[in-house]
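The values are calculated or read from the model by the stated rules, or taken from the named source; none is laboratory data. Quick caveat, the model's predicted, so the values are computed rather than measured. Glycine also receives a Cβ, built like all others from the backbone with ideal geometry; neighbour counts cover every protein chain displayed.
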Amino acid sequence: MKTLEKGIFSFCLLQSLEALDQWLAKIRTAKKVAICSKTDSLERVTAPLVGVSLAVAPGDACYIPLSQQPQQPSPTRESPLQIPMAEALEMLRDSVLENRSVLKVGHNIKFDLHVFHKAGCQALGRPIVVAPIDDTMVLSYVLEGSGTSHSLEELARKYIGVMLPSHKAICGSGKRQIPFNRVPLDKASAYAAEGAALAHSLHILFRNRLLTEKMVTVHENMDRPLVPILGEMERAGILVDAKALQRLSVDFSLRMQSLETDIYHLAGQRFNVSSPRQLGTILFEHLGLPRKKKSSKKNSMYGTDATVLDILAAQGHPLPRLVRNWRQLAKLRSTYIEAILVRRNTETGRVHTSFMQTATATGRLSSTDPNLQNIPARTADGLRIRHAFIAPPGHVLLSADYSQIELRLLAHVADVRALKEAFSHNADVHTFTASMIFNIPVNDVHPLLRRQAKTINFGIIYGISPFGLATQLRLPQEKTRQFIKAYFERYPEIHSYMERIKQQARKQGFVTTLLGRKCLAFGINDRNAHNRGVAERAAMNAPIQGGAADIIKHAMVRLPGALAAASLKARMLLQVHDELVFEVPLAEVGPTVTLIRSVMEGAVPLSVPLVVDIGTGCSWASLHLH
C-alpha cells in the first residue's frame, strides 16, 4: 500500500489483495464509503471498468487500479502492478458493494451502478447490485434545484473551496485525448481518489442541510429511491424496429427535398433553408413580407422562429408555411430518427435512454442520448416514429397515463369547489369549463368551444397572458382577455391561489410543491416588467407541474416492489412526463393492468380522484389509439 500526496490531500494506492483487505476492514467499521468507478467511456451501459476509488473520510481515500495500461504501450513497457479484476470485484462485492450495512455514496452514482453491473457480469458471471446508496448530485438538486450546476467540480469549488480538475484536463481533448486507462498512474490515482474524498465531504454537508432545511421527506421518499429504479429502466431499454426507422428516414428526406423544390420556386432562387439569416433575407428583403425589427444589432438577423413563420402563414403567405413544414421534418429526422438509430444497441436491438434527475426547474425527469420524451404523440409523423418502438415476441407494451393530473392537482391545492365537484362526478372538465365560461348549458357545448376551454384550462396553469392565449386561439386579444376574466370569475379560488403563489415567490425566492419540493423563482423581483412577468408565470406553474412530477415519482418508487411482490414480470421502460411505459408478458396483462392502476391512482391522496388511462399494444403508437 503506497501513501501518496497531492498538496494537502493524501491517499493510498492499493495494488495488492492484502492492502485491499485492510481497506475493506476500515470500510466495514466506518459503515459508509464514498465510491467512484473510473472508466474508459461515458457510455452508461457499456463503459469498461478501469479502477475504483474509495473514501471513508474527507482525508482518507484510496485508488484501486484494475486495468490501467502504460501510456505508450510497447514490448518493454509493462502494465502497472494491480489486483486481478475478478478477485478485486469479489472482495468489493462481499464486503462493500452488496453489504447492506455499508452505505455507498457517489456523485451521479447511477453511472457507477451501470459500471459495476456490467463488470460483475463479465468478471464474476453475475451482476453486482450495489445497495444501499446515496447520491451527492441528487442531494444537491433537492437542496438547490436548478439554481446551480450539480457537477462535482462546481460543487467542490462552491462548498469546499477545492478546484478539482476536469475530465478533459486529465484525459485531454480532440486528437490528443487518451482513454482513462492510458493516463499515468500517479495522475489517474490522484484524480480518482480526490473525487471520492470530495463526494464524502459533500455528503456530510448536504445531509446536515436536509435536516435544517426540512427536505428529508422529498429526498428519502422520492429522489433517492428513484436512482436505482431509473438505472434498471435504462438497462432494460426499449426494443426498436431499425428497418422501420430507416424507411422513415428515407421518406422524410424525400419529402424535405420536395418541399425545398417548392420553397425555391416561391422564393425565385435557391438558398440554404436551414439558415435563419438566408431565410430572413428571402422573406423580408427579397419578398418584402411584413416584419418586426431585426433580432439583434450585433448579428443583424431577422427573426424567423416558429412564431414568426406561423404569423406570416396565417396572413396567407405560402412560403413560411412550407418552411415550417420543412423544419418539422428536419427536426424529426435528425433529433429522433437518426439519433435513435445511432444509439440503438446492435446486439439487443434496444435503445437505452438516460433519465436525468437534476436538469429541470420543477423536479420533472428529462431524457437524453437519445431524448425519447419529446417525440410528438399527436402528429401523424410523430406517431410513425413511435410505431417503431415495439414489444418483443410474447409481450405487449402498456402505457399508463395520468389523466389531466395538473388540473386535478390545481383543483386540490387551490380548493376549487366547482372543479372538485366536476372531477368527483367524472364530468368532462373541458366541457364543464366551457359551460362555465361561455354561460351555456353543458349539452350546448360544441367541439370548438370545448377546444377553446381546454386551451384556457391548460393555459391558466402555465400563467398564460391574453396575448399568448390570443396566439393559440387565433382570436383578438380583447376577446381572450374576456375569456380569462370570465374564467377567474367562475373559478375565483384559482385567482386567489395564483396571487398567493406570486406573493410567496416574491417573499421567499421560491415556491413549493404539494409534497415539499422547492422550485426557485428566478427574476421574481426583477425591475424589468417583462422579466418579472415571465418569472411570475413560471412561479405559478411550478407547484402544479412540479407536484405532478412528484406524484408520478411516488408511483415509480412503489411499482417495482409491488410488481415483484405480485410475482408479475412487467418491466418499467420509459417515463414521459405523466406517462409510464411498461413491457408486459401477454399472459399477465390483466393482473398487471389492475396492479399498475391501483398503485398509480393511490400514489398520493388528493381531494379529487386520480385517474389513470391504460392502453396496450404491439407498438408505442398503438397505445394511444384506443
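Tabulated values for the structure
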read-out	value
Which listed residue, of GLY547, GLY533, GLY617, GLY590, is more than 28 Å from SER354 (Cβ to Cβ) and modelled with pLDDT of 95 or more	GLY590
Total residues in segment 500-541, condition small (Gly, Ala, Ser) and either under 17 Å from ARG408 (Cα atoms) or more than 23 Å from the chain's Cα centre (by Cα) (or both)	5
Lone qualifier among TYR462, TYR497 - being surrounded by fewer than 16 Cβ atoms within 10 Å (Cβ to Cβ) and under 31 Å from the mean Cα position of the chain (by Cα)	TYR462
Residue satisfying all of: in segment 385-440; of a type in the set (S, T, N, Q) and under 23 Å from the mean Cα position of the chain (by Cα); farthest from ARG344 (Cα to Cα) among these	GLN404
Subset of segment 10-64 [on the phi < 0 side of the Ramachandran plot, more than 31 Å from the chain's Cα centre (by Cα) and of a type in the set (D, E, K, R)]	GLU18, ASP21, LYS26, ARG28, ASP60
Pair list, Cβ < 9 Å and 6+ apart or interchain, from segment 78-104 residues that are free of Cβ contacts under 8 Å to residues at least 12 places away in the same chain and among the hydrophobic types (A, V, I, L, M, F, W, C) to residues that are in a helix (DSSP H, G or I) and loosely packed, with under 15 Cβ neighbours inside 10 Å	none
Qualifying residue in segment 107-114 (condition: at pLDDT 95 or above, surrounded by 20 or more Cβ atoms within 10 Å (Cβ to Cβ) and either within 21 Å of ASP21 (Cα to Cα) or not assigned by TED's automatic domain parsing to the domain that holds SER151 (or both))	no
Complete set of residues in segment 311-339 that are in contact with a Ser or Thr (Cβ under 9 Å, 6 or more places away or on another chain) and at pLDDT below 85	ILE311
Matching residues, segment 474-532, being in contact with a strand residue (DSSP E or B) (Cβ under 8 Å, 6 or more places away or on another chain), in a loop (DSSP other than H, G, I, E, B) and aliphatic (A, V, I, L, M)	ALA521
Sole residue being touching a residue at least 12 places away in the same chain (Cβ under 8 Å) and in contact with a Gly (Cβ under 6 Å, 6 or more places away or on another chain), chosen from LEU449, LEU409, LEU419, LEU473	LEU409
Subset of segment 188-208 that is crowded, with 18+ Cβ neighbours inside 10 Å and of a type outside the set (A, V, I, L, M, F, W, C) - its residue that is farthest from SER367 (Cα to Cα)	SER189
Sole exception among (1) out of contact with any helix residue (DSSP H, G or I) (no Cβ under 6 Å at 6 or more places or on another chain); (2) crowded, with 18+ Cβ neighbours inside 10 Å; (3) touching a residue at least 60 places away in the same chain (Cβ under 8 Å) for LYS518, by number	(1)
Unmet criterion (only one of (1) in a helix (DSSP H, G or I); (2) of a type outside the set (A, V, I, L, M, F, W, C); (3) surrounded by fewer than 22 Cβ atoms within 10 Å (Cβ to Cβ)) for ARG126	(1)
Residue satisfying all of: in segment 167-186; in contact (Cβ under 8 Å) with a residue 60 or more places away in the chain and not in a helix (DSSP H, G or I); farthest from GLN82 (Cα to Cα) among these	ILE178
Counted residues, segment 465-479 - those being more than 22 Å from ASN531 (Cα to Cα) and over 31 Å from the mean Cα position of the chain (by Cα)	5
